[in-house]
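Have a look at the structure below before the remarks.
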Amino acid sequence: MSLTRRATLLGLGAAMSLGGASLALAAAPGDRRFVVVLLRGGLDALGVLVPRGDPHLVPARQPLVPAGLLDLGGFWGLHPALSGLHRLFQAGDVLAVPALAGPDRSRSHFAAQDALECGAPGQGIAGGWLNRTALLLRAPALAVGGDVPLLLRGAAPVDSFFPAAPAHPPPDHYAPDYYMQVLALHGDDALTGPAMTKALAVRRFEGAVLAASAQAAGRGGFPALAAAAGRLLAAADGPRLAALELGGWDTHVRQEPRLVAALHPLDAGLTALHDALGAGWRQTVVLVVTEFGRTVRMNGAGGTDHGTATVALLLGGAVAGGRVAGDWPGLAPARLFEHRDLQPTGDVRALVKGALAAQFGLDGAALATIFPGSFDVAPLGGLLRV
Amino acid sequence: MDTRTALALARFGLGRCPAEEVPRDPVAWLAAQLDAPPPWDGPPMPTAAEGLRALRDDRAAQCAGLPGGAGRALLHRGADAATSALLGTAAPLRERLVWVWANHFTVSRRRPMLAPLVFPYVQEAIRPHATGRFADLLLAVVRHPAMLLYLDLALSVGPDSPAGQRRRRGLNENFARECLELHTVGRDAGYTQADVTEFAAALTGWSIDRDGAAPGFAFFPARHQPGEKTVMGRRVAEGEEGGVAFLRWLATHPATYRRLAARLAQHFIADEPPAGAVGHIAGVLAATGGDLAAAMRAVLAEPAAWQGAGKLRAPFDYAVAVLRALDLPPARRPSLLSVTGALGQPWLDAPLPDGWSDQAAAWNDGELLLRRADWAFAVAGRAEAVEPLDLAAATLGPLCDATTAGALRQAGSRREALALLFATPAFFRR
């Protein structure tokens, strides 16, 4: 099923080198979708999912505790810029895990992002875990925003999408054969040929799906990208795995206004994704993750420096949400990681494994293929409503 | 034109402009560009002092409810001047190196306040040292207002300094961490969180004097964390000179040399350059005290630098090569700021402090490549009286194969043929 769908999506049925045996073996993802939103730069968990009931919060960082928190039930408050997320939380569609960390402890953006996306510390594994998921499920995957993040790089083919640049309309009208000639020149090029052939097919598919929407032209911006991603994911023959990225979280200086400026597009984007998916929201799981958290105490410039544990979110119509789950380490000075950071109480891969397992019915062997060498990280259970 | 000459022009230069003379001895032509910086003959480049004044003016305008716009105007003036240098230079290898080191020491206008400072940064901190000593380059970078703002060093205050005590300010370790990880020794050098913190303390006081007629770098003793620091096992004396001495030590560290050698080899030889070549170049850096011109000469001496299928041009490189080939009059030239944006690599606007990738994997995305083809068609419409086959011979020489030449001959229009030339696999590479 998925092969047929993918072949339709790419218009490449005849060119696909997958035989009948692979078709029979393929685990069809059906209508189940999995979306990853990568927040690059290190989200300050304590400024967003605020443990307002923790007595050590205010002494450590009072100016960074936002006023007008949205209630998540007593101990927890949500940043007021996240009103859309709050509505989804109240509808039971958001699960927050407050103190997870990836497999890297260097506090380097680059090492931590690589580890989060590969699924392992160091450079032991090539490619990203979402690509390995796509390979295993034979599910069509989409990178939204232009370049393909490490998360989606690997052996499985991945499409990328961003709205066409309005300044340079494709010259189909003036020179109908132009792209065919370009592709002919690249046909023998092992590097550029396959990439361009596929991209042209994807352009035609996206053109057909998005033409119906008034917002199709969406001039960039995360909410527009998220809306377009939602429409593509909702299409019957659309992608089933997708990754989006949003930066602006590296708040070393005057954190609060910078954080608000990044939270607004995140909130609008998650809401747009929900709206554009429509009925597909029931079959969709959205994971929101960042590479590390930030220091518990405010630094000398009204900001926070690179830290360790941070929050991860799971959204979706089938998510067993409306709650904050997982252990809270507390902010007592003696409990901090290396006397400065939120102490991790779990591995972010446990959340990812649990979510993938529940969403796609994957067993331990499948999870070991997606996250090699992490046998000791057990998948979290009870993430989705059955 | 032989293959070696074509590679000298495309791989080491910026792509040939047909008005440029074909070098008789390509290696000598490249090596001569490394000797001394030629005088700047482009249009005047805005300075960092002008940039800081523009920020001041825009802030004042904002307070008064006026539109401002001085910063943006300087950004565009800087881009125009830098474009003229890229398209008109007689020393394209030197010009390429300026942008290689600008990427090594990334600053980005993704921080909006950097818009009027990014081009002055390249002009003042990078350009004079692109073929000089790496330690001088590093020090010029650390003292430039663009870097001081981009990685927050300007705001880092010693918690026990008079200013820290009075205003309850403290350290910001952003610059210290990225300087170790990205600019110098790299993560494998084995420094710890304590080293990062101590290094940050050692550099407190390095900031910007924003007032007066000539605002710029200044060391503020009242913000400097008192006392000696220990970073990576070395004692760092109190005061500005302690920071300078430690930065010089970092700049001449063997781990730094290996990373610089790898950067040059990856840029000029291959995405995964031969370890032997990286070792040679690092050895030259060590033997010359970090002489970047000597390192570049070592690259030119590597046989592997003259072989291989070529590197996939990054979008910035690609746009520059097409515009040099077309040699349009300035009034009809598209803005390199907007072209690089449309092609996926907005100029001086990298998302993160590690800058843009120098590997094909980052740019071999089908949609990004199609955008080159889109833009090639658009920009080909601006050309006048250019014979596509002549231009193919002039820019690619023997790198233009018979299939490409045949396709150009059969194209439906001159514009289409020109666009096809720019959209060929050979033009996508250097």
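The values are calculated or read from the model by the stated rules, or taken from the named source; none is laboratory data. All values reported here derive from a predicted model rather than from experimental measurement. Don't worry about glycine lacking a Cβ; one is built from the backbone with ideal geometry, like all the others, and counts go over all protein chains shown. Ligands, DNA and RNA are excluded from the accessible area calculation, which covers all protein heavy atoms including side chains. Shrake-Rupley method; radii C 1.70, N 1.55, O 1.52, S 1.80 Å.
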Dipole-positive endmost among A:Gly128, B:Pro43, B:Ala293 within the protein assembly as shown (Cβ charges, Cα centre)
A:Gly128
DSSP-assigned coil residues among trypsin sites (Lys or Arg not before Pro) in region B:158-257, each with at most 11 further Cβ atoms within 10 Å
B:Arg168
What is the distance in Å between the Cα centres of region B:261-307 and region B:368-396?
33
Heads up, the protein assembly as shown by the C-alpha gyration tensor (a ≥ b ≥ c square roots of eigenvalues; a/c under 1.5 rounded, else a/b over b/c prolate, else oblate) looks oblate
Per the 1.4 Å probe, what fraction of the accessible area of the protein assembly as shown, in percent, lies on carbon and sulfur atoms?
56
With charges set only on the Cβ (+1 for Lys and Arg, -1 for Asp and Glu), what does the dipole of region B:46-112 come to about its Cα centre, in debye to the nearest 20?
200
For region B:33-143 the mean separation of alpha carbon contacts under 8 Å (6+ apart) over residue count, i.e. relative contact order in percent, is 34
Rounded Å value of the spacing that divides the Cα centres of region B:87-109 and region A:88-157
33
Quick check on packing: order A:180-189, A:280-289, B:381-390 by the mean number of other C-beta atoms within 10 Å, highest mean leading.
A:280-289, A:180-189, B:381-390
So what is the accessible area of region B:33-143 per residue, in Å², with the probe set to 1.4 Å?
38
So, over other residues within a Cβ distance under 12 Å of B:Ala135, counting Lys, Arg +1 and Asp, Glu -1, the net charge is 0
Please give the helix B:48-63 orientation as an angle from the longest Cα principal axis of chain B, in degrees from 0 to 90, rounded to the nearest 10.
80
How high is the relative contact order of chain B, in percent, with contacts defined as C-alpha pairs under 8 Å that are six or more residues apart?
18
Grab the other residues whose beta carbon is less than 14 angstrom from that of B:Ser335, score K and R as +1, D and E as -1, and report the net.
+3
Among B:Val185, A:Ala262, B:Val379, the residue whose Cα sits farthest towards the positive end of the charge dipole of the protein assembly as shown (+1 at Cβ of Lys and Arg, -1 at Cβ of Asp and Glu, taken about the Cα centre) is A:Ala262
Taking 7 Å along the Cα-to-C-beta vector as the label spot, tell me the B:Arg24-B:Ala49 distance in nanometres, rounded to one decimal.
4.5
Mean separation of Cα contacts under 8 Å (6+ apart) over length of region A:268-367, as relative contact order %
25
Would region A:243-386 count as rounded, prolate or oblate if I go by the C-alpha gyration tensor, calling it rounded below 1.5 in a/c and otherwise prolate when a/b exceeds b/c, oblate otherwise?
oblate
So, over other residues within a Cβ distance under 12 Å of B:Gly242, counting Lys, Arg +1 and Asp, Glu -1, the net charge is -1
Specify whether the C-alpha gyration tensor of region B:315-422 places it in the rounded, prolate or oblate class, a ≥ b ≥ c being the square roots of the eigenvalues: rounded for a/c under 1.5, otherwise prolate if a/b is larger than b/c and oblate if not.
prolate
Can you list the HN-Hα couplings for region B:171-178, worked out from phi with the Karplus curve (6.51, -1.76, 1.60; θ = phi - 60°), rounded to whole Hz and with x for Gly and Pro?
6, 10, 9, 4, 4, 4, 5, 5
Which residues of region B:410-427 bury at least 50 Å² of accessible area once all protein chains are present, versus their chain alone (1.4 Å probe)?
B:Glu416, B:Leu420, B:Pro425
